[in-house]
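Enquirer: Submitted below is the structure of interest, expressed as structure tokens.
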Amino acid sequence: MRIVIVGGGISGLSTAFYVSVSTYIEHLGSALDADLRTGVAVEGVSHEPGRYTLHTDDGSLEADRLVLVTPAYVAADLIRDMDAGTAGRLEQIGYSPISVVGFGYHRLEHPLNGFGLLTTASARKPVLGVLWDSAIFPDRAPQGAKVLRVMIGGQRQPELARQEDDRLIDTAIRGIRQRRFWEPSTAGAPPCR
Ligand SMILES: Cc1cc2nc3c(=O)[nH]c(=O)nc-3n(C[C@H](O)[C@H](O)[C@H](O)COP(=O)(O)OP(=O)(O)OC[C@H]3O[C@@H](n4cnc5c(N)ncnc54)[C@H](O)[C@@H]3O)c2cc1C
């Protein structure tokens, strides 16, 4: 299992997988010699004594035990027929929406030394923060190039996270401009999701 560990994060060390968090899932599957299925959506669960049946978009699966680690609102839907009380409590758990806008630069004069910036509620900025991704994790951009991630929305301004792509990009640019560390440009770069 390949993990990137670099210094310079707020609490000292930042950690990430080289590829994605799927690395961990795949490693766990092979270490446990498990029958691993990924990319399969569970659409419903039924239960009879000693057995759960998972109804998926790729057929049914049977299991003795079931551990649900989906978001709470998904788990609520899946177990509603088995336990309406727990489903009701699960769906009361609130989630704050967040959108992430990424910018990639082949050339950027700013050295981007450090971690990035976080804004405070009292500062009333349109962005939650900007991570200098390629400074934190050097493998996130080709040699000499730089990558930033701008976080928008959260509990403070959930409506901003739900904007269309073009408005999100405008919000991200406004947030960066207000920090005055350089002038962002999206010329020639169509958004991709
Ligand atoms: C932009 C951003 C930055 C973050 N940065 C940090 C950070 O720096 N440090 C930190 O500690 N946390 C961070 N977090 C929070 C962290 O990502 C979450 O707390 C964490 O991922 C929650 O893990 P989880 O396993 O509970 O849920 P998730 O990671 O959301 O996993 C739920 C899984 O359920 C699957 N699923 C959903 N529905 C179904 C279905 N019907 N059938 C089958 N599978 C389904 C999904 O595909 C997903 O894989 C960040 C979150 C965001 C959005």
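Enquirer: Search region 115-137 for residues being out of contact with any strand residue (DSSP E or B) (no Cβ under 7 Å at 6 or more places or on another chain) and surrounded by fewer than 17 Cβ atoms within 10 Å (Cβ to Cβ), and hand back the single one that is nearest to Phe17 (Cα to Cα).
Expert: Applying the filter and picking the extreme gives Thr120.
Enquirer: Please go through region 78-114 and pick out each residue that is buried (at least 17 other Cβ atoms within 10 Å of the Cβ) and within 11 Å of the ligand (Cβ to nearest atom).
Expert: Matches in region 78-114: Leu78, Ser99, Val101.
Enquirer: Give the residue that is nearest to the ligand (Cβ to nearest atom), with candidates limited to residues of region 37-68 that are surrounded by fewer than 12 Cβ atoms within 10 Å (Cβ to Cβ) and free of Cβ contacts under 8 Å to residues at least 12 places away in the same chain.
Expert: Only one residue fits best here, namely Gly39.
Enquirer: So, one more: Conditions first: (1) basic (Lys, Arg); (2) modelled with pLDDT of 95 or more; (3) surrounded by 15 or more Cβ atoms within 10 Å (Cβ to Cβ). Lys146 passes all but one, so which condition is the exception?
Expert: (2)
Enquirer: Here's another thing I want to ask about it. I'm told Phe137 meets every condition in (1) modelled with pLDDT under 90; (2) under 16 Å from Thr119 (Cβ atoms); (3) within 17 Å of the chain's Cα centre (by Cα) except one. Can you identify the failing condition by its number?
Expert: Here Phe137 meets the rest and fails (2).
Enquirer: Could you go through region 67-78 and let me know if any residue there is modelled with pLDDT under 95 and in contact with a strand residue (DSSP E or B) (Cβ under 7 Å, 6 or more places away or on another chain).
Expert: No, region 67-78 has no match at all.
The values are calculated or read from the model by the stated rules, or taken from the named source; none is laboratory data. Predicted model only: the values in this text are computed from it and were never measured. Every residue, glycine as well, gets a Cβ built from its backbone with ideal geometry; the counts of neighbours run over all protein chains shown.
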